[in-house]
C-alpha cells in the first residue's frame, strides 16, 4: 500500500490535486509496485450545484445521491487523466480519490456542518480502467442534518480478482467500530449494526480509510483496535488523513502514521 500524507492546509482544487499526482508519478521509484495508492478525504472538492440544482436536493434523495456519485466520477477522471492513469499504472493497481462537494468548513468530529454536502470516494482500477464509487454512510452527530449520505452499504465493499474483498471507508465511517458508537440511537444505531453485520459477512482482508485530517495518534486508535478484534479477516489497513491542524499537530508524525496502518506502506509526505 501507498498513501499521500499532506502536511499543510489543502483546498482540494482539482488542478492542484492533478499536479501533485503528476509530481508523485514522476518521482516514484520503479519498485516496488503496490496494490493501492490512497489519498485523504476531500483530496478534491467541487461545487454541489455541478451535480444537482440546489433547489432539487430535497425532492428525491436517491436521485440526488446518484447525481452526486456520477459527478464525483466525472471530476475524478478530469483529475486523473488517461495519460496520468498510464503513468500511475506503472506503480499501483488501484488509486483512491477522496472527493467532497464544497463546504465552508472541513469535516471533523467537532465541526457542525448543516449545509448540504457529500463526501465520496472514487476507486480507479488502473489495469482495467474501471471505477468504483461510494459515499460516506455514517456521519458525525454534528453532520446528521447536512450530509447527503449513502444508504448503500454494499458500495463500500470492492471484490478483487483473487476473490478477496476490500472495505472502502469515508472519514467517520470508521467510527462504526469505535466502542463509543454503542451509544448510538435511532437510525444511527441501525446503520451501525447493519454495517458491522455486513462486514462480518463479507470478510474484507484490506481496509482503505479516507479521513480528512489525522494529526493525533489517538484519533482513530480505538476504532482500529475494535475493528481488528471484530474482523479477524483484515490483514492490512491504511488511513491517509492530512497531518495538519491550524493550532499544530497533537502527536508526532512518526507516531501518527505508525498507528494508522497495518502492514507495509510507502508514505509520501507532502510538505
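The values are calculated or read from the model by the stated rules, or taken from the named source; none is laboratory data. This is a predicted model, so every value here is computed, not measured. Note that we place each Cβ from the backbone using ideal geometry, even for glycine, and neighbour counts take in every protein chain shown.
Odds and ends about this structure:
- Being closer than 30 Å to residue 248 by Cα and modelled with pLDDT under 95 is true of residue 11.
- Positions within region 62-85 being more than 21 Å from the chain's Cα centre (by Cα) and in contact (Cβ under 8 Å) with a residue 24 or more places away in the chain, in sequence order: none
- Looking only at residues in region 200-216 that are touching a residue at least 24 places away in the same chain (Cβ under 8 Å) and more than 18 Å from the chain's Cα centre (by Cα), the one that is farthest from residue 158 (Cα to Cα) is 200.
- Taken residue by residue, region 57-74 has no member that is in a loop (DSSP other than H, G, I, E, B) and either within 23 Å of residue 208 (Cα to Cα) or modelled with pLDDT of 90 or more (or both).
- Selection count, region 108-132, where residues are at pLDDT 90 or above, crowded, with 19+ Cβ neighbours inside 10 Å and part of a loop (DSSP other than H, G, I, E, B): 2
- Per this entry, residue 194 is counted among residues that are surrounded by fewer than 19 Cβ atoms within 10 Å (Cβ to Cβ), at pLDDT 95 or above and under 21 Å from residue 120 (Cβ atoms).
- Selected residue (criterion: modelled with the highest pLDDT) from residues of region 150-165 that are surrounded by fewer than 20 Cβ atoms within 10 Å (Cβ to Cβ) and part of a loop (DSSP other than H, G, I, E, B): 152
- Taking the criterion of being surrounded by fewer than 19 Cβ atoms within 10 Å (Cβ to Cβ), more than 16 Å from residue 211 (Cα to Cα) and in contact (Cβ under 8 Å) with a residue 12 or more places away in the chain, the residues of region 1-19 that qualify are 13, 14, 18.
- Within the set 37, 24, the sole residue that is within 19 Å of residue 78 (Cα to Cα), in contact (Cβ under 8 Å) with a residue 60 or more places away in the chain and not in a loop (DSSP other than H, G, I, E, B) turns out to be 24.
- Only residues that are under 28 Å from residue 269 (Cα atoms) and buried (at least 20 other Cβ atoms within 10 Å of the Cβ) were counted in region 57-90, giving 6.
- Against the conditions (1) surrounded by fewer than 18 Cβ atoms within 10 Å (Cβ to Cβ); (2) under 20 Å from the mean Cα position of the chain (by Cα), residue 175 satisfies every one except (1).
- Verdict on residue 168 being touching a residue at least 40 places away in the same chain (Cβ under 8 Å), closer than 19 Å to residue 37 by Cβ and surrounded by 19 or more Cβ atoms within 10 Å (Cβ to Cβ): yes
- Residue 253 passes every criterion in (1) within 21 Å of residue 32 (Cβ to Cβ); (2) in contact (Cβ under 8 Å) with a residue 40 or more places away in the chain; (3) over 17 Å from the mean Cα position of the chain (by Cα) apart from (1).
- Hits in region 47-56 - residues which are surrounded by 20 or more Cβ atoms within 10 Å (Cβ to Cβ) and within 28 Å of residue 214 (Cα to Cα): 48
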